[in-house]
1. Using only Cα atoms, what Kirkwood radius does segment 205-269 have, in angstroms?
2. R0 = 30 Å: FRET efficiency of Val413 with Phe272, Cβ-based, nearest 0.05?
3. What FRET efficiency would be calculated for the residue pair Asn98, Glu356, taking the C-beta separation as r and a Förster radius of 25 Å, to the nearest 0.05?
4. Taking the alpha-carbon distance from Lys385 and a cut-off under 16 Å, which aspartates and glutamates remain once sequence neighbours fewer than 8 residues away in the same chain are dropped?
5. Residue by residue, what Karplus-based ³J(HN,Hα) values in Hz, rounded to whole numbers, does segment 372-380 have, using 6.51, -1.76 and 1.60 with θ = phi - 60° and x for Gly and Pro?
6. Given a cut-off of 24 Å, name the pairs among Lys375/Lys446; Lys50/Lys236; Lys64/Lys236; Lys381/Lys437; Lys153/Lys251; Lys53/Lys309 whose C-alpha atoms lie farther apart than that in the structure shown.
7. Take Glu157, Glu234 and order them by how many other Cβ atoms sit within 10 Å, fewest up front.
8. 222 nm [θ] for the chain, helices only, -39500 (n - 2.57) per DSSP H run of 4+, per residue, to 500?
Amino acid sequence: MEFLNNFVLPQSAEHIELLHYMLLIVLFLFIPFISIVFGGIFLSIIYKNKAHKSNDNNYLRLSKDIAEITTINKSAGFIFGIIPLLTAILIYSQLLHNSGITNLNYLGLALVFIVIALVFIYSYRYSLSFNRIFGSLSDKSITDPLVIEDVNKLSDESNRISQKAGNFGLLFLFIGIWFFITALTIPSIYSSWNVESFIGGLFSWKVLSRFIYYIFFALTLSGGMILFIYLEDEKKKRIKDEEYSHFLKQKVLRVTFFSAIFIPLFALISLFGLPQSALTGTVFTYAIISLALLFMGYHFIYLLTKEIKGTTAALLFFTLVFSVAAFIISDQKAMATSTQVHSAMLSAEFDKYLAELKGEGKTISINAEEIYQVKCASCHKWDQKLVGPAHMDVLPKYVGKESQLIAFIRNPVKVDPAYPPMPNPALKPNEADAVAKYLLETYNEKNK
Ligand code: HEC
């Protein structure tokens with residue numbers, strides 16, 4: 001994915017923040033949609049197989065209805081599936097430029113697999129409608145035995161094709177989502193976890209717990225959506241098929257209920273897989289909101305078992321969507337914290353670039369020692385701790401890493417729990433450069 005570097009533009013700190021928000025929006029579109037498609041196709045295939053075994057026409061109808069409701073239509077696949085994924089790749093390549101975080105390979109693979117999956121899935125979905133047409137043709141009063149034979153043949157053929165398309169689609173989507181979740185997980189725990197190997201990344205428990213979380217959520221969310229849309233449609237119809245309606249509700253409600261029970265467990269496991277430094281108050285708060293919404297969802301599921309009502313199904317669906325949205329925010333906040341230092345470096349690069357464009361930074365000479373005396377000496381001494389740690393204690397880790405020291409000075413992050421956080425000294429980029437150089441030079445001198 002090296003070619004993506006060509007698209008990378010220097011970003012200011014404000015732009016980086018904006019990119020984080022855009023990423024959130026893109027994920028809000030993509031994750032619920034792809035989850036619903038996954039859950040829907042999974043259920044549709046299962047019911048289709050059941051229909052073949054039991055010869056119960058209700059199952060066949062259910063399989064088709066679920067596929068139709070959950071995949072919406074072809075353009076939805078493009079608008080909510082492929083475009084957001086492409087956008088996410090571009091945003092990640094900007095945010096993680098030069099960081100050594102290797103999530104772009106996973107994202108690229110996710111794109112390939114998900115595009116192929118969607119092609120299969122939409123052919124599956126549309127072939128199901130053909131199957132039904134053939135099915136009803138052979139029921140009708142066609143008397144010519146030759147025609148009946150033809151119709152049956154065609155019907156078998158189309159059945160086999162749709163079976164294959166469905167299975168392939170589901171498999172590719174499963175793998176594609178797995179890659180995607182891996183790509184999403186790596187930056188959230190970046191500072192404490194380096195992916196050792198490509199496969200190691202996929203099978204790490206941090207990735208797996210999140211993946212299982214999303215799979216269960218996918219089933220729950222699709223269940224909620226199927227009930228919601230079906231009940232909406234039913235309201236509009238004049239003729240009701242009581243028996244089938246009852247059948248659908250019972251089946252779907254059961255799936256929704258059983259997949260929903262497992263979600264909190266995996267949400268908590270993935271939350272505690274985050275490194276200490278990324279577990280900030282905001283991350284925690286959104287995770288709690290997500291769980292609270294999920295528990296509200298449980299309540300609606302319970303109400304639905306008593307009485308199936310359209311409004312309850314709608315409430316269930318939307319609380320679930322908001323619950324997953326809160327989980328995404330929590331995860332993205334963790335990522336923003338984990339990559340904070342890297343973002344500061346990127347924006348420091350940007351400021352330098354801007355200064356060069358303006359022709360600044362060369363002519364004005366700055367006195368680093370003076371800046372240090374004014375801006376830093378009130379809290380720091382060389383070999384004694386004051387408000388902040390003694391320089392002699394903390395500088396060793398920055399030897400040879402001037403850019404990291406500059407990044408810290410421009411945008412201090414919490415490091416040592418024994419100290420309060422350092423306030424931002426608000427230095428200009430070239431001042432921060434000079435102070436960092438001054439600190440490292442003085443440190444070397446003192447160590448001679
Ligand atoms: C208001 C007090 C205050 C001022 C002013 C201040 N610092 Fe700090 N500094 C701290 C504190 C507190 C810490 C410890 C932060 C932590 O560990 O989270 C710290 C930590 C540091 C560290 C160690 C970072 C690490 O990775 O452990 C460096 C280097 C540093 N400051 C440099 C500076 C420089 C350079 C300036 C002036 C531009 C400055 N500080 C101004 C309070 C201050």
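Each reported figure results from applying straightforward, stated rules to the coordinates on display, with no laboratory input. Model, not experiment: these values are computed from the prediction. Positions of Cβ are backbone-derived with ideal geometry, glycine not excepted, and every protein chain shown enters the neighbour counts.
1. Taking the inverse mean of 1/r over all distinct Cα pairs, segment 205-269 comes out at 13.1 Å.
2. 0.90
3. Computed FRET efficiency for Asn98 and Glu356 comes out at 0.90.
4. Filter leaves Asp393, Asp416.
5. For segment 372-380, the Karplus curve yields 4, 4, 6, 9, 10, 5, 5, 10, 10 Hz.
6. With Cα atoms farther than 24 Å apart: Lys50/Lys236; Lys153/Lys251; Lys53/Lys309.
7. Going from sparsest to densest Cβ surroundings: Glu157, Glu234.
8. -25500 deg cm²/dmol
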